[in-house]
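Scroll down for the structure; my scribbles are underneath it.
Each reported figure results from applying straightforward, stated rules to the coordinates on display, with no laboratory input. Source: prediction; values computed, not measured. Counting neighbours? That spans all protein chains shown, and the Cβs are built from the backbone with ideal geometry, glycine included.
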Amino acid sequence: MLFAITAVAYAASCALFAAYLWEGGQRLERYAKVSLWLAAALHVAYHIDTVALGERRGSYDIHAAMSALSLFVALGYLVFGKRLKLVVLGAFITPINLLLFLGAGLRDRSVVPPGVRSALLPLHISVNVLGYAAFTLAFAVAIAYLLQERQIRAKRIGGVFQRLPSLDTLDKAALRCVLVGFPLLTVGIVTGAILTGGFAAATAAEGTRQAFAVAAWVVFAAVLLLRVSAGWRGRRAAFGTLIGFACACVVLVGYVVGDT
Amino acid sequence: MTGELVVVGLSHRTAPIAVREKLAVAGDDLSAITKSILEAGAAEAMIVSTCNRVEVYAVGGSDLGRSVRATLTRRAGGAKLDAHLYEHRGTEAVRHLFRVTSSLDSMVVGEPQILGQVKEAFGVATEAGTIGPLLGRCLHRAFGVAKRVRTETGIAEGSVSVSSVAVDLARGIFSSLAGRTVLLVGAGKMGRAASQHLVSAGAKLLVTNRSPERATALADDVGGEARPWESLRDLLVAADVVVCSTSAPGFVLTHSLVAQVVKARRHRQLFVIDIAVPRDVDPAAGQLDNVFLYDVDDLQKVCNENLQARGRERDAAEKLVEGEVGEIERWRKTRGVSPLITALRAHVLAAVRGEIDKTAGKLRGLAPEDKKSLEVLAEAITSKVVHPALVELRRAAQADPDTQEEVLGAATRMFGLPDPRGPETPDTEGGHPVDDGSSQKGGASNAHSRAEPSSSPPSELERP
């Protein structure tokens, strides 16, 4: 029940942020922010109820990890969005957040085989959750960058243009998110490799997940390298971030769908 | 009441610049002419004089319009102005004032300068002592309406001049213009205006021109640095915003030059504003990554779109103005019964106080707090007693003159008050409609505030 209420709250927040992006206005902005805080508070309650106090106490299942990922994305946005005055990014972040939360709802049973459970597993899950949360934020910022660039090139400097931050701000924000996510993903991949004994995949699905996790790492590494070495920024860096996140999404979808 | 609000004037809608400039009033002239309007029979007066309008706002009787017209004609050296002058009275004049102050009557709807200009005119008139309760109330209300129109509608959104659109665009690309470098290529008039806007937003200006003397002169004029034309490529690498306004017949910034520059800049964003005709920048350069090119047509198109968007907000703004005109009308009508309301309240309060004082005199050992409580009691009883009568009087004020006369006469006779049709009592509360105090609990402090009339005009219209 709490899951459904939280999902509805996230959906409402999505709609309000989209309306704010489109229409603007202080009232819509306030409602959108309040609705997301409310949804996040419900989510915290749900998470505590289901994971910490519920049947899954101490377990490492996909449901809990996805739920935590969604929660970190929401909280990360609420904290950093306020600090960096990027309120409008909620319009891009809340839909992804809703999908992650609904994705968590698809998996309500643990899929972690008892064989791979070890003291390293909590670290592996935690760094991956935080890393993917950072990439999700980077993805949303990159989408906002491309939209803003499109508005400027199309010479449309009306409402949406006015509400989105400058290209410069968006580019820097995307870089920061990737800089946070990349080392976390690196640790996640290394701990994953240790847990599975190299990259020995037990199933085809697991092999695909591993391959795309590495692909995401390679893409984000390339984005960072090209930013430093060739001065990549703006649209190219945004597209690189989208490709990297697409690879990460395949991994997430792989976990949601499971080995079946 | 000593009259109604009258506005006589001309604006960009009714008179060409050649006529407007004959009437333009500035500096010391402003208060002198305002005073001459008073001598012409006005009780209150104020003159708004801008490049787009000259208007006299005055309070007076039915002949006032003619006197003001005559004064203005004399001011214009006897030129025939009748075809250009407009005149509004009463509600129409209030509506006009609200529309002007809210920039609904401006050449560029939503422009912010007019509000400052009306405020300035108000300041001059206040200093000259020509503002009274009616004009004071209407102007304060007008400033409030203008603020509401700006914040509650989109009438002022989006830039509508080429220079400010350029600054808006630059802010969409760079988080801040402070510390950014603007390169002005050529010393054209338009480029100068645009770069001045960018510099006032905090950017550093470099100027380059084929003629170094002109570059130096312009740089000195706008607070920039002149650079040699030969170092154009290096300057393009260093700049964040480039404003081109040369009179060169061909492209100054070719596609290949900009492509080289982009590489040398390590893909930092470059905003190029080409306001030269013929164009200085190859349009193909605008397709390069991280290069954002706007020519004069693009900027003008944005201006036009913003103007259209403002036009769409006009209905909402007009509706808002209309509501406020209704408010001021209700206040104006209630103001007619204010002297009677003041007299009625004072009459009842005096009677209640008298009785309380009599009783208090018989009581021994009354502490100061007890006396204060009795004062509050007197206020409270007065409010209770007069409240129904005041409600009726205010209602009558909004009715037709016959009903108003009838109710006012009845109240005067019932309470044994002086004839309200006698000489008008000055507006004892600086233009506020008199409150019966029924909504206030602080009787003692309330009584104090009534005893000392405020000299400053009210900032908010009290709703009767």
Suppose R0 equals 25 Å; then what is the FRET efficiency for A:Lys172 and B:Lys147 from their Cβ-Cβ distance, rounded to the nearest 0.05?
0.10
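About the Cα centre of segment A:153-260, how large is the charge dipole given +1 on each Lys and Arg Cβ and -1 on each Asp and Glu Cβ? Please answer in debye to the nearest 20. Could you put the intermediate results ahead of the total?
Details: 11 positive and 4 negative charges, 164 e Å.
Approximately 780 debye in magnitude.
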Using the beta-carbon distance between B:Lys263 and A:Leu75 and R0 = 35 Å, what value does 1/(1 + (r/R0)^6) give for FRET efficiency, to the nearest 0.05?
0.30
Contact order normalised by residue count of chain B, Cα under 8 Å, 6+ apart, percent:
13
Using Cα atoms only, what is the angle between the long axis of helix B:368-398 and the major principal axis of chain B, expressed in degrees (0 to 90) to the nearest 10?
80
Note down the nm distance, to one decimal, between modelled labels 7 Å out along Cα→Cβ at A:Leu226 and at B:Asp370.
9.1
For B:Leu307 and B:Ala238, what is the calculated FRET efficiency with R₀ set at 35 Å and r taken between the beta-carbons, to the nearest 0.05?
0.50
CD proxy, 222 nm, the protein assembly as shown: helix-only mean residue ellipticity via -39,500 (n - 2.57) per DSSP H run with n ≥ 4, per residue, nearest 500, stands at -21000 deg cm²/dmol
Between their Cα atoms, which of B:Lys119/B:Lys147; B:Lys362/B:Lys384; A:Lys155/B:Lys147; B:Lys119/B:Lys319; A:Lys155/B:Lys263; B:Lys147/B:Lys333 are more than 18 Å away from each other?
B:Lys362/B:Lys384; A:Lys155/B:Lys147; B:Lys119/B:Lys319; A:Lys155/B:Lys263; B:Lys147/B:Lys333
Over the protein assembly as shown: Rg over Rh, Cα atoms, Kirkwood Rh
1.12
If packing is taken as the mean number of other Cβ atoms within 10 Å per residue, what is the order of B:380-393, B:290-303, highest first?
B:290-303, B:380-393
Tell me the label-point distance for the pair B:Glu120, A:Ala205, using the 7 Å Cα-to-Cβ offset, in nm and rounded to one decimal.
7.4
Tail weight of P(r) past 31 Å, computed on alpha-carbon pairs of chain A, percent:
26
Computed over chain B: longest principal axis from alpha-carbon atoms vs helix B:133-152 long axis, angle to nearest 10 degrees, is 40
Residue-span extension gain [B:Ser36 to B:Glu225] - 0.36 nm each, minus C-alpha spacing:
63.0 nm
If you find the alpha carbon centre of segment B:108-179 and of segment A:167-239, how far apart are they in angstrom?
50
Under unit Cβ charges (Lys, Arg +1; Asp, Glu -1), what dipole magnitude, rounded to 20 debye, does the protein assembly as shown have relative to its Cα centre?
1700
In terms of the charge dipole of the protein assembly as shown, which places +1 on Lys and Arg and -1 on Asp and Glu at the beta carbon, the residue among B:Val277, A:Leu78, B:His197 farthest towards the positive end is A:Leu78
Along the dipole axis of segment B:327-404 (charges at Cβ: +1 for Lys and Arg, -1 for Asp and Glu; origin at the Cα centre), the most positive-end residue among B:Ala360, B:Ala350, B:Pro339 is B:Ala360
Suppose each label sits 7 Å from its Cα in the direction of the beta carbon; what would the B:Ser62-B:Tyr86 distance come out to in nanometres?
2.4
Degrees between helix B:338-362 axis and first principal axis of chain B (Cα, 0 to 90, nearest 10):
50
